[in-house]
Structure formats: structure tokens, C-alpha cells
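Participant: To start, I am sharing the structure in question, which I have written as C-alpha cells.
The values are calculated or read from the model by the stated rules, or taken from the named source; none is laboratory data. These numbers come from a predicted model, not from an experiment. Every residue, glycine among them, receives a Cβ derived from its backbone with ideal geometry; neighbour counts consider all protein chains shown. Accessible surface is based on the protein model in full, side chains and every heavy atom, while ligands, DNA and RNA are left aside. Shrake-Rupley method; radii C 1.70, N 1.55, O 1.52, S 1.80 Å.
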Amino acid sequence: MFALTIEIAGAVLVTWLTWRASNGSLARNSLASIRTRITMSSESAWRIGHRAALRPTITAGAITVLWCSVSIGLAPLRTPLSVIVASMVLLGGALLSIPVAHRAVRRSAGGRALTTSMITKSTIHEVENATVKDRDGASVGKVAQVFPSDEDGSAAFVSVATGLLGGHTALVPVEDATFDGTDLHVGYTKSAIKGAPSPGAGNTLSVTEANAVRKHFGLSPAGKATGDMGDPHENLDQAGTGPAGADDTEGAGTTPPA
């Protein structure tokens, strides 16, 4: 009976972990859930793969729980064979979920470089004013401002104009976003994006602001980033050093001196 109870606990745990990974509350890690080269390639691939894997995982988990519950209730079924059957069902569901997850990631890529999603400094201007699509492909709004990282100038966050006439803006992390030339695809739900913090005044995110956004989306803390919404021919080598009103991006994350 103890072994059957363990099987039930295992089924619940596997299902719970897959569900958490599918909605982004469980980030990529080296310990739990589907950890393959494809699903670990980006946060977007991780979530997309686990969303697809959720159905076979739930099915296998439900069958395992039902079988073990019946076996516990009926004395003739309290045998090692029942434990083996439960283990095989649970393992089968786990094995089936891997190719299902891989197919979903490849379909989602659809010609977009899902595993090489970084928006570099040289392509930031292409993203400005792009339509933002959520993880399910629903339109959320337009990119209002890009905030490059202070490490290499690649896009770290964007502010998205949402709501009626774009009257509300929300900050979204985009380290793992993909841009197909028209739309910016992010790995979060529309409701999560609309509930995200709004940017403050100016073109710089403080560490506190950036980390508040990352916390909202279940990500680990990071450094600050500086926004960019200017002339594509601007000087990209002197961020934060020009006169008031100047727009430059190199050195993102540095606040202009007072």
C-alpha cells in the first residue's frame, strides 16, 4: 500500500511541475521537468514545450492515481504488479511528453529563430512600434519604448502600449522574445502583460523598477536598462553622455549625470 501511495504522490508531483513550467512559474532549471536541449534553449521554448506536454502528463497522472486508488481499495490488487503497472503508466506519459514538447517548440518557431531570440543593439530600431504578440499569438499592443541591457546593448525590456488608444503602458522582459520582422513574440500571457508595472518618467529603468518587472513575470533579479526610442542614425556609442533630449543607447543602464 505504501508503494502505491508513493506512486500517487509521484503522479501529482510530475503533473504539478509540468503545469508550473507551462505557465512560466517554474523557470528553466537543472533538476525538474522536461530538460532537453530543445526545451532548455530559451524560456519561450521551455513554456511552449511544457504547455504541449501538459495533456499527456495529466492523462498519465490521472490514470496512475485512479489505478493506485482502486488497488489500495481492493486487497487482491495490492501487489507488486500493481505498482509496476502504475510506474509504467507514469513513465510512459513522461516519455510521450518529450516528443510532444519538441514538436510544439518547432511548430512555434515557424521560421522564427526561437532558440536565437536575442534582439541585439543593431536591431533594436526594427522592434520599435512593432506589434507585440503574447505566448498564444494574441495581439497585446505596440512597442512604445525599448530598454537595452547595460551588458551588451541588446533589448532587455520593452514598454507596451495597451488598452484603448494605447493609453496604458506595461513593461515586459524580452531577453527570450523573438522578432519576425513585423511582430514581437513574447512568452507571457496577455493578462500577465497588462498587469505588469508601468515605466516611470524618463528613459531609464532603475534596478528596483527592472526587478519589480522581472518578479512580476517570475524571473530572477537583474541589472538596470536604459530606454531608446529615437533616431535610427543616432550616436550609439555615447549613451547618457549627450545633452538633454539626445537619444543614444550604448552604455545602456547608465543614468545621465545630474
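Participant: Would you check which residues across region 170-182 are modelled with pLDDT of 90 or more and either open to solvent by 40 Å² or more (accessible area, probe 1.4 Å) or not β-branched (Val, Ile, Thr) (or both) and list them?
Facilitator: Answer for region 170-182, where residues must be modelled with pLDDT of 90 or more and either open to solvent by 40 Å² or more (accessible area, probe 1.4 Å) or not β-branched (Val, Ile, Thr) (or both): 170, 171, 173.
Participant: Pairs needed: first member in region 176-188, among the β-branched types (Val, Ile, Thr); second member anywhere, part of a strand (DSSP E or B) and surrounded by 21 or more Cβ atoms within 10 Å (Cβ to Cβ); C-beta distance under 7 Å; at least 6 residues apart or different chains.
Facilitator: Matching pairs, first to second residue: 178/185; 186/132; 186/172.
Participant: Exactly one condition in (1) touching a Ser or Thr at 6+ places or on another chain (Cβ under 8 Å); (2) modelled with pLDDT of 90 or more; (3) assigned to a loop (DSSP other than H, G, I, E, B); (4) not acidic (Asp, Glu) is false for residue 153; which is it?
Facilitator: (2)
Participant: Note down all Cβ pairs under 9 Å where the first residue falls in region 142-168 and is over 13 Å from residue 120 (Cα atoms), the second is part of a strand (DSSP E or B) and among the acidic types (Asp, Glu), and they're at least six residues apart or on different chains.
Facilitator: Close Cβ pairs satisfying both conditions: 145/228.
Participant: Scan (1) open to solvent by less than 60 Å² (accessible area, probe 1.4 Å); (2) in contact with an Asp or Glu (Cβ under 9 Å, 6 or more places away or on another chain) for the single condition residue 7 breaks and write down its number.
Facilitator: Status for residue 7: all satisfied but (2).
Participant: Look at region 9-55 and say how many of its residues are in a helix (DSSP H, G or I), of a type in the set (A, V, I, L, M) and within 14 Å of residue 98 (Cα to Cα).
Facilitator: Result for region 9-55: 7.
Participant: So for region 52-60 (the condition being farther than 18 Å from residue 2 by Cβ, touching a Gly at 6+ places or on another chain (Cβ under 9 Å) and open to solvent by 60 Å² or more (accessible area, probe 1.4 Å)), does at least one residue qualify?
Facilitator: yes
Participant: Quick check: anything in region 53-63 in contact (Cβ under 8 Å) with a residue 40 or more places away in the chain and closer than 26 Å to residue 221 by Cβ?
Facilitator: no
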